[in-house]
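Each reported figure results from applying straightforward, stated rules to the coordinates on display, with no laboratory input. Computed from a predicted structure; not experimentally measured. Every residue, glycine among them, receives a Cβ derived from its backbone with ideal geometry; neighbour counts consider all protein chains shown.
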């Protein structure tokens, strides 16, 4: 080994240069590291059913989403569709044999740094394709240096009528007392006419649909009105049919918050079972529900014609309502066990309705009075909060509500068994767990005391 002697001044200058260089590299590393992130690209295409040779083409949306990726695009392999179906793409895509490449569509929307665009793909049955033939379309969303994941959609040829719903509406500003013309529109995507159809609609609690003599009406477990109509007529392939002036629907006093009116269509000959748990009855009515042909039959169905189900969404109806906390006052001696019954009452007229989100409503919180011990609680109540909270924080019980709806004029109460340890404690209270869908019209009665004396 050879020893090398370095002067102290040169050594210090070298160390200084090394530190400066390292700092410079560190400063540059931030943007470089950010540039090394390739971002991501994802895509989705539903499975497709096309009719036989006389059916209209079907436009299906291939959705492309990207964040931070360079040149986001999707490549499509059509090899698996040979003899089953054809697929046509917009002009901004490039086709080479059975391979297609589509960049992020020029109409893509940028929301908080995420691009989302839709590539419309028109599917038709291949010449000579038989009923039941099935093929696959492989598609791979990718960007520069992103990982590519190939996904697959199945395309099936099915002869016969195929009714699709065309309604996807959002209504804002609706108020109690309004009558809305809820649209009903269908199209036959099949290659054969549909003779007669069944229309099934669901109007959430508070909404009052018009009466038609060819419809039957019932109420389900969440107080929604279910309507099943038998509509006579012949619905030709590609032909759009609509209900003139819409399905008149009154926004009744019980309407509160956002609502989704759903509808579904089926050829009557192949319609499935009627809605379960609903007793359907006819109503006296002067009119029948009829769907009328609109325009000429379509050669290609629009992208919104993808499902047999549709919806009309009512956003934020500001209905009136008042939730009242129901406390309790009981008496007893030290050592006694007493029962307190507490809960909420909905004075109405609005009905809190969580069926849209699938949540329960009418839940409440119960704080027992100081100086008592809870000996027994209902099965749908449990301690709420952190078990490690200090003893100075009173225990709070959470109790479930009556279900997805809290009907006007009803009370939901439960009982707790309390042992009296002392009679000098502060009162407890009961109050709603949340103000759903908003603070009610009289918040002064939202909290009620619970006392033991």
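Model label sites at residue 285 and residue 453, defined 7 Å from Cα along the beta-carbon direction, differ in position by 5.8 nm.
Overall, the ratio between the Cα radius of gyration of region 40-157 and 2.2 N^0.38 Å, rounded to two decimals, is 1.08. The stretch between residue 357 and residue 410 holds 16.9 nm of extra length on full extension. This uses 0.36 nm per residue minus the Cα-Cα distance. With both residues required to sit in the chain, DSSP beta bridges show an antiparallel share near 90%. PRE reach from residue 208 (point 7 Å along Cα→Cβ): which of region 226-258 fall under 20 Å by backbone N? Taking a point 7 Å out along Cα→Cβ of residue 208, the residues of region 226-258 whose backbone N falls under 20 Å are 226-228, 246-258.
Under the criterion of Cα pairs below 8 Å and six or more residues apart, the relative contact order for region 295-453 equals 35 percent.
Here the contact order of region 40-157, divided by its residue count and restricted to Cα pairs under 8 Å and six or more residues apart, works out to 38 percent. Considering only beta bridges that DSSP places wholly inside region 40-157, some 95 percent are antiparallel.
If every alpha-carbon in the chain counts as one equal scatterer, what log10 I(q)/I(0) does Debye give at q = 0.13, 0.14 1/Å? Log-scaled intensity ratios, in q order: -1.14, -1.21.
Multiplying the residue separation of residue 179 and residue 441 by 0.36 nm and removing their Cα-Cα distance gives an extension gain of 91.9 nm. Need one number: the % of Cα-Cα pairs in region 56-98 sitting beyond the 12 Å mark. Result for the distance tail: 72 percent. Compared with the alpha-carbon gap, the fully stretched path from residue 339 to residue 111 is longer by 76.6 nm at 0.36 nm per residue. When only Cα pairs below 8 angstrom with a gap of at least 6 residues are kept, the chain shows a relative contact order of 14 percent.
In this simple spin-label approximation, residue 152 and residue 196 carry label points 7 Å from Cα along the Cα→Cβ vector, and these lie 4.1 nm apart.
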